[in-house]
1. Could you pull out the residue among Leu249, Leu267 that is in the same structural domain as Tyr160 (by TED's automatic domain parsing), within 24 Å of Ala93 (Cα to Cα) and touching a strand residue (DSSP E or B) at 6+ places or on another chain (Cβ under 7 Å)?
2. State all residues of segment 328-341 that are more than 19 Å from Pro29 (Cα to Cα) and touching a strand residue (DSSP E or B) at 6+ places or on another chain (Cβ under 8 Å); if no residue qualifies, say none.
3. Tell me, please, whether a residue that is modelled with pLDDT under 95 and either in a strand (DSSP E or B) or in contact with a Gly (Cβ under 7 Å, 6 or more places away or on another chain) (or both) can be found in segment 55-64.
4. Out of all the residues in segment 224-263, which are surrounded by 14 or more Cβ atoms within 10 Å (Cβ to Cβ), among the small types (Gly, Ala, Ser) and farther than 20 Å from Val10 by Cα?
5. Identify, please: which residue in segment 83-126 is without any contact (Cβ under 8 Å) to a residue 24 or more places away in the chain and assigned to a helix (DSSP H, G or I) and is, among those, farthest from Ala262 (Cα to Cα)?
6. Determine which single condition Thr156 fails, assuming it passes every other condition in (1) over 21 Å from Val53 (Cα atoms); (2) of a type outside the set (Phe, Trp, Tyr); (3) at pLDDT below 95; (4) out of contact with any Lys or Arg (no Cβ under 8 Å at 6 or more places or on another chain).
7. Name, by its number, the condition in (1) closer than 23 Å to Thr111 by Cα; (2) in contact (Cβ under 8 Å) with a residue 60 or more places away in the chain; (3) exposed (fewer than 13 other Cβ atoms within 10 Å of the Cβ) that does not hold for Pro218.
Amino acid sequence: MNRQYDTHIVIMAGGSGQRLWPCSTQSMPKQFHDFLGAGKTFLQATAERFMQVIPQQNIWVVTQKRHVATVKKQLPWINKQQILGEPISKNTASCIAYACATINNYYPEATLVITPADHYIQQEQLFINLIQQALQSEYTSLSITLVGVPCKNPATGYGYIGYDNQEKGTVKPITDFVEKPPRAQAEAYIAQGNYVWNTGIFIGKLSVFIKSLQTYLPHIWAAFERLNLLLNVSKKKYQVSLLNLYKSLPSTSFDHGILEKADQLYLICQDFGWKDLGTWNALYEHLDKDRKNNVCQGQVVTLLTSNCLIKGNEEQLIATYGLDSLVIVQHQGVLLICPRNEVQNLKTLVQQIDDEGYTPYL
């Protein structure tokens with residue numbers, strides 16, 4: 001069978017993107033925004049990128065149930081049956097299990113590329129070539145292959161993949177996987193020279209993903225197998241069963257639940273300009289700046305202001321004086337002001353806002 005037509009892409013688009021609040025909200029999270037001014041959202045860019053590898057009819061999107069219509073609006077060509085709506089977000093293990101169980105009903109011999117919806121890739125042709133190499137590798141039919149990129153700094157927000165650097169060839173055995181280590185540990189990994197960042201992109205035969213779920217998260221996989229027995233019931237009954245299933249599931253990441261436990265994983269790695277633009281500071285580092293190192297969007301006037309990200313709109317003016325290294329975002333009745341080096345803690349602020357009864361702003 002033609003490998004291209006046997007390959008299916010699963011785009012995970014269910015995240016809440018709280019670290020990009022107030023623009024990223026529960027009703028419109030970051031994957032549905034054009035934060036880069038590219039004329040396309042993160043989701044649209046991800047789908048277009050993979051259409052260079054496989055036919056568009058082989059693309060699946062897993063998202064929150066409330067966002068199914070948004071996915072269909074942004075990807076009008078997609079078959080609505082290939083947008084899987086989760087009633088409750090229960091992290092990436094359940095997301096991947098839902099996709100595997102559904103695709104297995106129709107394409108049991110498929111090879112999967114599972115990817116986040118919201119990453120930026122600068123050198124797309126390098127990336128496409130790497131994905132095609134992984135798909136042609138014999139290891140893809142034996143185990144899960146992870147896509148890695150060289151570490152740029154001891155960041156604590158990424159997974160770290162240790163690999164056998166004595167092994168020749170493009171695809172190398174993984175010797176260690178650690179999700180979001182503390183800084184000292186991350187520094188030690190970089191010093192060793194055989195660790196890379198995990199991009200969250202996984203490649204392998206559908207049967208391999210299913211076997212991993214059966215082995216390491218059997219309760220999650222068994223739940224989705226039971227759900228498949230209800231395919232012929234009414235849509236309403238199916239949705240009720242799906243909601244009850246999700247209520248019973250733990251919130252488990254694929255990284256913690258499987259990758260940290262699996263004893264046979266492989267790595268393919270290259271620097272193709274990958275960035276996880278998941279915080280305001282990451283966007284600040286990526287976007288063009290003025291002569292005072294400010295990123296300004298909307299109606300903004302600055303004086304004696306430097307190293308700031310200031311994002312407004314065309315209805316209201318933001319004027320600053322004497323500020324340094326802040327994030328200032330004005331969006332739909334909300335004004336956020338935060339030190340740039342503290343934006344990773346926005347989730348805590350969002351929780352506080354929720355606790356104090358300002359949920360409509362989230």
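1. Working: Leu249 fails: touching a strand residue (DSSP E or B) at 6+ places or on another chain (Cβ under 7 Å).
Matching residue, one of Leu249, Leu267: Leu267.
2. Ile337, Cys338, Pro339, Arg340
3. No, segment 55-64 has no match at all.
4. Answer for segment 224-263, where residues must be surrounded by 14 or more Cβ atoms within 10 Å (Cβ to Cβ), among the small types (Gly, Ala, Ser) and farther than 20 Å from Val10 by Cα: Ser241, Ala262.
5. Gln125
6. Of (1) over 21 Å from Val53 (Cα atoms); (2) of a type outside the set (Phe, Trp, Tyr); (3) at pLDDT below 95; (4) out of contact with any Lys or Arg (no Cβ under 8 Å at 6 or more places or on another chain), only one is false for Thr156: (4).
7. Condition (2) is where Pro218 drops out.
Residues checked against (1) among the aliphatic types (A, V, I, L, M); (2) touching a helix residue (DSSP H, G or I) at 6+ places or on another chain (Cβ under 9 Å):
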{"residue": "Leu230", "(1), (2)": "yes, yes"}
{"residue": "Lys235", "(1), (2)": "no, no"}
{"residue": "Val240", "(1), (2)": "yes, no"}
{"residue": "Asn244", "(1), (2)": "no, no"}
{"residue": "Lys247", "(1), (2)": "no, no"}
{"residue": "Ser251", "(1), (2)": "no, yes"}
{"residue": "Phe254", "(1), (2)": "no, yes"}
{"residue": "Lys261", "(1), (2)": "no, yes"}
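The values are calculated or read from the model by the stated rules, or taken from the named source; none is laboratory data. All figures in this text were calculated on a predicted structure; none of them were measured in a lab. Positions of Cβ are backbone-derived with ideal geometry, glycine not excepted, and every protein chain shown enters the neighbour counts.
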